[in-house]
Each structure stands twice: as C-alpha cells, then as structure tokens.
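The structure under discussion appears below in the form of structure tokens.
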Amino acid sequence: MDLQEVNQLQRSSEPLKESRNWHIIRFSQIDGAGIVYYPRYFEMLAESFPQQFAMQKAATLDLTFHQPVRLADQLILEPTGQADDLQFSVTGRSEGKLSFEIHKTRLQKSEPAPWLDDQAAFVRETTIGNWMCGTDSRLHLSRSYELTAVLMEEWFSKTLLCPFATLGSVDGALVPTARLQTYVYELPQAGDRVRLSLSVLHIGRSSLGMGMTIRRNGQLLVQSQQTVVFVASQNNQLSSVEIPLSVRQRLEQQLFSSREESA
C-alpha cells in the first residue's frame, strides 16, 4: 500500500468520528474469502443500535445479503421505518450500493423447529463460556452465530470432506451466506451446556439450505434457516456456480427428507 492509498484510507475513516453508524472494515472482521464474516455484522449492529439488538425479548431476525463487503470498505448502517426494540429494520450500504438488509420483528409464539435433532446431519455439544457473554451473563447474539458457523464448518470438514480452508482451491468454490432467518426465543447463559444441530433442508443448483438449532436440556432457544451459495471469485467478483458433484452426492445423503424416510 503506497502513501496515496494510505491517505485515501485515512480520509475514508473520518466519518467514524461523526457517527457510530459508520464502520470501516478491519482485518479482524473478514474471512478467508476476503469478505466480512457474517457474525461480525451483528457486532456492528449491536454497537450502532445497542437497544434494538440487545435481544431482551424473543424476536425474529431476517437478514438478506445483496453484495459482499470487503476489507477497508466503509459500511453505513441506516435504520428504516419504525425504530423500537420490538420492530426494527436496518440497511447496510457500502460504496453507495446496498450490501444487506435486516428486519427484526416480534416473535409471536414459540414453535418447535420442523426438523428434529435425532434426524440432524450433524450434532455437537458445547458449554457457553463467560468470555462469550455480556454483563448480564447472556450469550452475545453475534456469538450465537459464531457457534452455528463453527458447526457448519466442522460439518463441511468431517462429513462432506470439504474443509473451508481448502474448498476454494480444491473445488474452485466458496460458500458465502445469502440469507439468514433466525428465531431467538432466549439466549443461553454462561455455564449452560447446549446442544447444536444442523440439518440439510434444501439442495439447489448452487444453493444449500440448512436448519440449525441451539437447545438447552431439550429446550429450543434459537433456530435458524440459513442459505449459502456456492460461488467462484474472478476479478474480485463473485458469481454462482454449480455445487461440485462430489459435494452434491454427499449432501443428498444428508438431506433431511431422505433421512426421515430411512428412519
């Protein structure tokens, strides 16, 4: 990076002094593909809108990604419509383009996930550490997404035999998240032993739909439906590609409906 680029980056950082809704993307916020690791969006949202994303009450979060945000990009978070802790919407814009939008609404009633843990493709257990929680000892919202992101990464590595670290170089594909719908009933607390599960709900040409849950002693705390898309990166642009055949064959064996029929 030459002196001119450094000066430009410093100038682009100036709005941070004016508003907490401006964020400069740092190394600590990106993944191996060079785009923002999606749990980091929830950290930025919580920083900009602490009351709305404290998750004191049950809520539904619907997040759609339109364009990736990269290192040194300037991300502007803009609230839209009604702004309270029960109903809230935010758009994220970078380089003048819409990067993502998230809608938070009241969770009307608690319903069990339509997929069952005993039919899940992958399950693991973990204990919620103090370092993952806030001053109220409840798990940070962003950390809940890290838990399920690690679950997905382990599943890719151990079951699909496609470690994230080599997926792009071996199969020529990356798997960024396109949409994430989450139902937060209650966030676990420090010391809680939780069970994480992942189920395969849909396999498309280039997309993969998964259902994930976080449970404590059988109680459903968080459930998500996450869609990732297999893409290739060329000239710093992402375009969808077909799921590699070897991966598709393993995925079909994990599909929830197939597992349900064979049970």
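Could you run through the stretch 199-239 and say how many residues are open to solvent by less than 30 Å² (accessible area, probe 1.4 Å), free of Cβ contacts under 8 Å to residues at least 40 places away in the same chain and either among the aliphatic types (A, V, I, L, M) or in a loop (DSSP other than H, G, I, E, B) (or both)?
3
Given the criteria among the hydroxyl-bearing types (S, T, Y), more than 29 Å from E101 (Cβ to Cβ) and either without any contact (Cβ under 8 Å) to a residue 40 or more places away in the chain or open to solvent by 30 Å² or more (accessible area, probe 1.4 Å) (or both), does T159 qualify? If you could, list the steps in order and put the result at the bottom.
Numbers: among the hydroxyl-bearing types (S, T, Y): yes; more than 29 Å from E101 (Cβ to Cβ): yes; either without any contact (Cβ under 8 Å) to a residue 40 or more places away in the chain or open to solvent by 30 Å² or more (accessible area, probe 1.4 Å) (or both): yes.
Considered against the rule, which asks whether it is among the hydroxyl-bearing types (S, T, Y), more than 29 Å from E101 (Cβ to Cβ) and either without any contact (Cβ under 8 Å) to a residue 40 or more places away in the chain or open to solvent by 30 Å² or more (accessible area, probe 1.4 Å) (or both), T159 comes out as yes.
Taking the stated definitions as given, is L196 modelled with pLDDT of 95 or more, open to solvent by less than 50 Å² (accessible area, probe 1.4 Å) and farther than 30 Å from Q249 by Cβ?
Working: modelled with pLDDT of 95 or more: yes; open to solvent by less than 50 Å² (accessible area, probe 1.4 Å): yes; farther than 30 Å from Q249 by Cβ: no.
So L196 does not fit the description; no.
Please list, ordered by first then second residue, the pairs with beta carbon atoms under 8 Å, 6 or more apart or interchain, first in the stretch 19-36 and in a loop (DSSP other than H, G, I, E, B), second exposed (fewer than 15 other Cβ atoms within 10 Å of the Cβ).
R20/E47; N21/E78; I25/L71; R26/L71; G32/A165; G34/L71
The values are calculated or read from the model by the stated rules, or taken from the named source; none is laboratory data. This is a predicted model, so every value here is computed, not measured. Reconstructed Cβ throughout: ideal geometry from the backbone, glycine too, with neighbour counts over all protein chains shown. Surface areas here come from the heavy atoms of the whole protein model, side chains and all, with no ligands, DNA or RNA. Shrake-Rupley method; radii C 1.70, N 1.55, O 1.52, S 1.80 Å.
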